[in-house]
Each structure stands twice: as structure tokens, then as C-alpha cells.
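Working notes, structure below.
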Amino acid sequence: MLHPRQHLLLAAWAAELGSVFTFRILLTRVVVVTDGALANIVLGRMLSLDKALEPNLSDELLSIGGHRTMFSAGTRSAYWRLLRKGTADAFSPRAVREAFPDTLRILSNIVENMHRGGASSEWDLNNVLLRFAMDMTSIVVFGEDAGATSTLQDSETDGLFSIMKRSLDELTQRCVNPVRRHLFWRADVRNGANEFWRFRAAMQDLVKKVKARGPVRDSDHSIAAHLLRIKDPETGAGLSDDLLAGDIGMFFTAGLETSGNQITWILYLISQHTDVEAKLAAELDAAGLLTTKSRPQPRTLQHADLSCLPYLSCICKEAMRFAPVAATGTTRIARQAMMLGGYFIPRGSILMVPFHAVHHSTANFGRTAGVFNPDRWMTTPTATAHVTLQDALETAKDVPSPGKSGDVPSVVSVGASTDATAQQAYMPFSTGPRRCLGQPLALQMQLAAVAVLCARFRFELAERMGGPEGVGNSSINRLTLQPKDGMWMRCFPRASGKTAIEAQ
Ligand code: HEM
């Protein structure tokens, strides 16, 4: 079902067989679409297709009492619309901006901890960034961080962070081997089932905790507050505790590995391209944000800076094209027979849009599709200054309604002079009504993390990683694309000074 190197396999098949090809899993036909325009149709609002493979797998972990979550519910279902509409405001420009001070505080924790390691210490940046994502997700979900960045070492007190990690490990193993769940005589399978139980219990505890706070305040923009405000339009009743716990768990799983792993790949790619690293340092320096010998205490990053660092935006955008964490993409089910770009799609087919293959297709991104080049987005500097965060905030306002025309071709628009084919094929957060709801937050997190960490440190791949070849060999799909045994980097402090916020 989920092969660790599936994203590469699909890209290789697409290069050989073309942008639409098909294979079978037992009796089911799978149609793989890497053509940007057709992918937009498959995922778009006009068809509003349901997800195919993801619902049952994600429900194994998240469903409490047999209910669907927002992630697994049908695209035309009343439940999905209610949830999507009811939580969209948690990702409004105001709500995302409100999370910025916490983002800085958590990044400062990380910088402090890393400085304690001394000059050129080695850190598993993947672990560090998953912890960052854990704390940020906790803040936006229920208004408190999970303490995952208070220490960067794995410890017994890791609580929710380790429950999440172990549950997602088990879920991956069940994706790889769909019969695993039935092998109950095996101790590791029983342990995995226990992790699922612990995860659900932790989510139920969170529901109790947020309910114990009393009536939801108008000023509370957390996801939990939004979920608590949702009422069934027919009965006026709120969501049951089981539904609340299931969807709180869904937001945790949607936000954690995606964000943490994506930032890991961004920092890795920067470390491998000295020209990119130098250009970023120059941009941060010009903005007064870089730690230097003559400026040991650079000014603190402001929210407004995120829209004024065009090269930083282009690096993040290009890294999400080159190494999208949702590498195997997403699937939809064709409940009716249909025509797609001249191809007949039989009823019951699974339509698959693999984002890594879409982003590496020369038909979509030209002959340099396989090259990491942030400058490809720099063609119109003024437009690219806003290509990520600002556009994401704009599109977040739009609550999708299935079946209506005027679908957005792609969530993040690109520089105006970039080829239109590339524009519509760029989809790290997917596209259409089921596109990622957390995109504005994810972008804010990655821009801030890269700006703060690269302003304080220079990163070099640790020897134990075996060079770029070793990283390539150890990168695998475990729901998201990630380094199998961490991403160890030598972290060189740029200068010994601290920013005003770290000094507090
Ligand atoms: C770099 C980080 C992220 C990436 C690459 C990413 C990517 C994705 C993708 C590919 C999907 C599935 C879309 C589809 O099936 O068509 C998705 C769904 C979703 N994501 Fe994200 N995501 C990220 C971060 C986040 C964060 C931080 C949150 C919130 C805390 C979040 C919340 C969601 C939700 C709620 C959905 C389900 C939307 C629906 O079914 O209507 N994501 N994301």
C-alpha cells in the first residue's frame, strides 16, 4: 500500500509512461495523474470527489465511537462542510498572526537550548523541528504548548509528543502492511494498538480540559474553541465529546509531521547549497536580522518581516516543490464513470495525484524540474515577496463549497511571470475543496523558523548522515516524507550574541 520509496517510483513511472497512467491493486484500478491541469480537475471543486484510501486508514487512529473526522468525511457531506466552515476562522489572518509571539517564544527556546550545546554541536534537526511543530500545534489547537521544546532531548516527560510519535509510527506500519492490524498474536502489534488507545485517551483528556475552562470566550481563537462553538444546524446541539476528541486528534496529526518534516527538508536543502545559504544570509543581514560579529544582538523578527524577505519566501516555496512532504500526494474515488482529458475512467477507479511526481515532471516545470533553484520564483521580486504567506491568508478566507464553478487553480499562486503550467502544477498543500486548511499557519511557522534559525546558525550535514547520498537513501515515506533516522547537522553559531527576546 505505502512503499517507503513510493514517491520516487511514481515519478519514474510518470517519466516513462506519461502524465496519466494506470495500474491495478488486485481488482481496483488506480489512475495516476501528474499533469497539472488534469490534477486540478481531479482535486477541484467541480467534481468534489471523496478521498479514496486515506479515510479508513486515518480513522483507525482518530475515529472514536466509529465516527468520521473532518479529514475522512465525504467532500459533499454536511459534517465535513460544518467542520471546515466552523474551523476556518482559526486560520484567519488575525488568528494566525496571534500565534506569532508564541512562534518566536518557542523558537527562542530552541535557540537557547542549541546554544547550550556549544560551538559546532550536532543536533538531530528533524527531532528539534518536530518538537517545534508539536508545541505550535498544541498552541493553535488548545492554547498551550506541549513543553516539547523545553528540552530538546527525548525524555520520559515527553508525554503527548512521544505518544504522537509512536501512534504515527504504528499508523505507518499499518499503511505499509494492511493486514498488520489482524496479527494480534504479535507483541509489537498489540503495543501499537495500545499506542492508539493512549492517543485517543489523551485526546479525550484534552476535551475534558478545554471544557473545564467553562464557556468559550469570544476572544478564544483556538481550534478547540471553534470546535466547541459548532452547532448542528438542525438540532442546535454541539459536537459530542467523541466527535470533539476525534477532530482534535485530526488537527494534531495533520499539523505535526507535515510541518516538522517540511522545515527539516528546507534547512537540509539550504545546507547543501552554499550559494543559496549566502544569499539568504545577505537578505537577513540587510534586514538587520542576522547575528554578526558587529551585530551580536540582531533585532527581533517581526511579523511584518515575513512578507518582506522575498528570497526566504522563494527558498521555502522551492523546497516545498522539490521535496513536498506529502510526497505520495492524495487520492480520490471516481464513484461514477467519467472522462478525464480524453481518458475513460471506469466507475470505482482510484485517482491518485502524487505531488512529488507532479513537482518533478519536466512537462510541468521544464527541464530544470529536478534542480533545486529558489531563483525560479524570483522572476518578479515584488510579486514573490507575497507568494506564500499573504496568498495563503487570502485563500484561507474562502470556505470551499463543493460543486460550484470558479475553483482556484492552485492554493499558492506564484510570481506573475512564472509559466502558467508550473503555476497550476504547484500543489504542496493540495488544491481544491480539500486543500490543506492549515496552510497559512504552516507557512508562518516555516518562514519564521528558517529566518530565526538561519540568522543564528550555519548548518552543515553531520558526517554520520553519509552525505547527500546517505540522506537520499534514508529518506522514506512514513505518511510524510522524512529522514528515516533523523537529520543530524553540525550547528555553528554565527556569533555568540543573543537577540533581545532571547536575553529576556
Ligand atoms: C508544511 C505543512 C503542511 C503540509 C505540506 C500539509 C499538506 C496537507 C495535505 C496534502 C492535505 C490533504 C489534502 C488533500 O487530500 O487534498 C492536508 C489536509 C489538511 N491539513 Fe495540512 N499540511 C500542512 C500543515 C498543516 C497544519 C499546520 C495544519 C493545522 C494545524 C493542517 C491541517 C490540515 C487539515 C485540517 C486538513 C484536512 C482538510 C480537509 O479535509 O478539508 N495542515 N494538508
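The values are calculated or read from the model by the stated rules, or taken from the named source; none is laboratory data. Since this is a predicted model, take the numbers as computed values, not measurements. Neighbour counts run over all protein chains shown; Cβ positions are idealised from the backbone, glycine included. We work out accessible area using only protein heavy atoms, side chains counted, and drop any ligands, DNA or RNA first. Shrake-Rupley method; radii C 1.70, N 1.55, O 1.52, S 1.80 Å.
General observations
- In segment 234-249, the residue that is most open to solvent (accessible area, probe 1.4 Å) out of those that are part of a helix (DSSP H, G or I) and out of contact with any strand residue (DSSP E or B) (no Cβ under 9 Å at 6 or more places or on another chain) is 241.
- Of the residues examined, residue 42 is not one that is modelled with pLDDT of 95 or more, of a type outside the set (D, E, K, R), more than 12 Å from the ligand (Cβ to nearest atom) and closer than 20 Å to residue 427 by Cβ.
- Selection status of residue 457, within 7 Å of the ligand (Cβ to nearest atom) and of a type in the set (A, V, I, L, M, F, W, C): no
- Residue match in segment 298-305 (condition: touching a residue at least 60 places away in the same chain (Cβ under 8 Å), within 14 Å of the ligand (Cβ to nearest atom) and in a loop (DSSP other than H, G, I, E, B)): no
- Residue list for segment 250-279, filter: β-branched (Val, Ile, Thr) and either surrounded by fewer than 21 Cβ atoms within 10 Å (Cβ to Cβ) or within 14 Å of the ligand (Cβ to nearest atom) (or both): 253, 258, 263, 264, 266, 274
- Inclusion of residue 326 among residues that are under 24 Å from residue 377 (Cβ atoms) and either at pLDDT 95 or above or aromatic (Phe, Trp, Tyr) (or both) is warranted.
- Subset of segment 446-475 (residues that are buried (at least 20 other Cβ atoms within 10 Å of the Cβ) and part of a strand (DSSP E or B)): 457, 459, 475
- Residue ID - farthest from the ligand (Cβ to nearest atom), chosen from residues in segment 280-297 that are of a type in the set (A, V, I, L, M) and either out of contact with any helix residue (DSSP H, G or I) (no Cβ under 9 Å at 6 or more places or on another chain) or not in a helix (DSSP H, G or I) (or both): 286
- Candidate set from segment 44-54 (those that are open to solvent by 10 Å² or more (accessible area, probe 1.4 Å) and either under 22 Å from the mean Cα position of the chain (by Cα) or charged (D, E, K, R) (or both)); member that is farthest from residue 31 (Cα to Cα): 45
- Screening residue 475 with (1) touching a strand residue (DSSP E or B) at 6+ places or on another chain (Cβ under 8 Å); (2) at pLDDT 95 or above gives one miss only, at (2).
- Picking from residues in segment 209-224 that are in contact (Cβ under 8 Å) with a residue 12 or more places away in the chain and more than 14 Å from the ligand (Cβ to nearest atom), the one that is surrounded by the fewest Cβ atoms within 10 Å (Cβ to Cβ) is 209.
- Among the residues of segment 176-198, not a single one is modelled with pLDDT under 90, among the hydrophobic types (A, V, I, L, M, F, W, C), open to solvent by less than 20 Å² (accessible area, probe 1.4 Å) and more than 23 Å from residue 301 (Cβ to Cβ).
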